[in-house]
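**Student:** One structure follows; several queries about it will come next.
The values are calculated or read from the model by the stated rules, or taken from the named source; none is laboratory data. Remember, it's a predicted structure, so these values are computed and weren't measured experimentally. Every residue, glycine as well, gets a Cβ built from its backbone with ideal geometry; the counts of neighbours run over all protein chains shown. Note: accessible area is taken over every heavy atom of the protein model, side chains too, but ligands, DNA and RNA are not part of it. Shrake-Rupley method; radii C 1.70, N 1.55, O 1.52, S 1.80 Å.
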Amino acid sequence: MVGPYFPVGRPRRVLCNGVINYHHFKVDMFVGVIDRQISELNGRFDEVNTELLSCMAAFCPLHLFAAYDQEKLVRLATKFYASNFTSDELTRLPWQLNMYVTNVRRDERFQNLKNLCQLSVMLVEKNKHEQYHIVYKLLKWVLILPVATASVERVFSSMSYVKNKLRNKM
């Protein structure tokens, strides 16, 4: 075959190797940039902040509460907010979380929620904040924390910046 892609006298294998090498170069560069950004983030966020954010994310209502993790939410209450709950509330929390997630996943009014603010509003509008008062109390603490803690605000800001940068580079 003769043409701009397969010049006379140049075997296909050499061209394919050139394309493959160029692809590997681009991938290696991309991976290198990602590794540097991850290293920078690891330097900014200690284990406690990382765990706190991970536990908070377990409340996320997106995709029918796909990120829901009862263990993380219980850890959130017992490790980070223990002083805000009675021992009875902490004991009943796993059971109430189980009932809560089962109920909201079945309720079509909760299917298109995008964030924790929308979730809290919907819980109040549908009077589920009374039925799941311990869960709602934990959700309120999660919503208050970013406003009350400047370091957590910086974490969210940095994470959004990095996430947007990564999206744009992809």
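**Student:** Considering every residue within region 151-158, establish whether at least one is among the polar types (S, T, N, Q), at pLDDT 95 or above and part of a helix (DSSP H, G or I). Spell out how you get there, then give the answer.
**Tutor:** First pass over region 151-158, keeping only residues among the polar types (S, T, N, Q): 151, 157-158.
Right, trim to at pLDDT 95 or above and you get none.
No, there is no match, as no residue in region 151-158 is among the polar types (S, T, N, Q), at pLDDT 95 or above and part of a helix (DSSP H, G or I).
**Student:** Still on this structure, please answer the following. I'm trying to understand the selection: among the residues of region 103-116, which are surrounded by 11 or more Cβ atoms within 10 Å (Cβ to Cβ) and free of Cβ contacts under 8 Å to residues at least 24 places away in the same chain? Break it down into steps so the answer makes sense when it comes.
**Tutor:** At the first step, the residues of region 103-116 found to be surrounded by 11 or more Cβ atoms within 10 Å (Cβ to Cβ) are 103-105, 107, 109-113, 115-116.
D107, R109, N112, listed by residue number.
**Student:** I need every pair where a residue in region 76-100 that is in a loop (DSSP other than H, G, I, E, B) has its Cβ under 9 Å from the Cβ of a residue that is of a type in the set (K, R) and open to solvent by 40 Å² or more (accessible area, probe 1.4 Å), sequence separation at least 6 or different chains.
**Tutor:** Y81/K137; F85/K137
**Student:** Additional query: State which residue pairs qualify: first residue on the phi > 0 side of the Ramachandran plot and inside region 36-64, second residue surrounded by 14 or more Cβ atoms within 10 Å (Cβ to Cβ) and at pLDDT 70 or above in any location, beta carbons under 9 Å apart, and separation of 6 or more residues or different chains.
**Tutor:** L64/V104; L64/R105; L64/F110
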